[in-house]
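The values are calculated or read from the model by the stated rules, or taken from the named source; none is laboratory data. Nothing here was measured: the structure is a model prediction, and the numbers come from that model. So basically every Cβ, Gly included, is an ideal-geometry build from the backbone, and we count neighbours across all protein chains shown.
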Amino acid sequence: MRWRIDLKYDGTAFHGWARQEGLRTVQGALEEAIRVVLRLPEPLTVTCAGRTDTGVHARGQVAHVDVEGAVEPLRLLRGLNGVLPEDLAVTAVTAAPDGFDARFSALARRYVYRLCDDPAGWDPLTRGHVLRVGRPMDVVRMNAAAAGLLGEHDFAAFCKKREGASTVRALLEFSWQRTGVGQLEGTVIADAFCHSMVRALVGSMIPVGDGRREVDWPAAVLAGKVRDSAVSVLPAHGLTLEEVRYPADDELAARALQARQVRGEVHQRG
């Protein structure tokens, strides 16, 4: 039986999603919690929709796990939250529809990067989730620059290249808005992301927003298809995986097949 697990976490003290020997990771903590609650001799493998990097947070992460035998979902949810650390929580456990794959069935992932560009708007209580920048940002310029990156492109200029992995992605939305005094949110939605892609995309907006670069500079970097040292990969703590979008249940299997064919074994990471 395949179970869908919805979860959220503060990534500050995790070395990312992926299980790593000797390191505290989200996958490792969740797999061990499932083992304890279901009283299994060995942990089961949990697959997620987007493998977040060290320090990246999630409010809408989705995973799946295959379990033999009967499972009462509410009991599993309560049991997991009873043994999981306080910076990781399961919000739902549901029987996965036929053909569901948390990673490959996903249509898109939505990330939000949060900035503060005004000392009057800085809240020390959110310092673990918001990046403080030293100059005022021009949101109009940032939106104009972001619009030039939309569509399907080779995002090699904004990714850490992996041997044999494609860097072609479809950027569906990239937009900025002010949410309060000194508070900015950058929303980034794509079918999938390469390693560090979101933080590099946002990093290219900072010199545009403060006037050091022209509006068309990020698009020129994209066209170059090589990493540009002038593009900063921003710190992880400002980034949160907010949502994973899936098609209707009867389209899940087809979507997963299509994604496997197009992406191969590319890591879906922010």
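Would you confirm, using the coordinates I've provided, whether Ala102 is closer than 25 Å to Leu30 by Cβ, in contact with a strand residue (DSSP E or B) (Cβ under 6 Å, 6 or more places away or on another chain) and in a loop (DSSP other than H, G, I, E, B)?
yes
If the requirement is being more than 20 Å from Ala200 (Cβ to Cβ) and in contact with a His (Cβ under 8 Å, 6 or more places away or on another chain), which of these qualifies: Phe100, Phe104?
Phe100
Among the numbered criteria (1) closer than 17 Å to Ala256 by Cβ; (2) in a loop (DSSP other than H, G, I, E, B), which single criterion is violated by His15?
(1)
Residue check, Gly60 against (1) under 22 Å from the mean Cα position of the chain (by Cα); (2) in a loop (DSSP other than H, G, I, E, B); (3) of a type outside the set (S, T, N, Q); (4) at pLDDT 95 or above, all met but one. Which one?
With respect to (1) under 22 Å from the mean Cα position of the chain (by Cα); (2) in a loop (DSSP other than H, G, I, E, B); (3) of a type outside the set (S, T, N, Q); (4) at pLDDT 95 or above, Gly60 is out only on (2).
Check off (1) more than 17 Å from Phe14 (Cβ to Cβ); (2) out of contact with any Asp or Glu (no Cβ under 8 Å at 6 or more places or on another chain) for Arg114 and give me the number that stays unchecked.
(2)
Within the range 148-164, how many residues turn out to be under 10 Å from Leu222 (Cβ atoms) and touching a Gly at 6+ places or on another chain (Cβ under 9 Å)?
Total satisfying the criteria: 3.
With the requirement that a residue be among the acidic types (Asp, Glu) and either buried (at least 19 other Cβ atoms within 10 Å of the Cβ) or modelled with pLDDT of 90 or more (or both), what does the range 219-268 give you?
Result: Glu242, Glu243, Asp249, Asp250, Glu251.
Take the residues of the range 26-55 that are surrounded by fewer than 20 Cβ atoms within 10 Å (Cβ to Cβ) and polar (S, T, N, Q): which is farthest from Ala70 (Cα to Cα)?
Thr54
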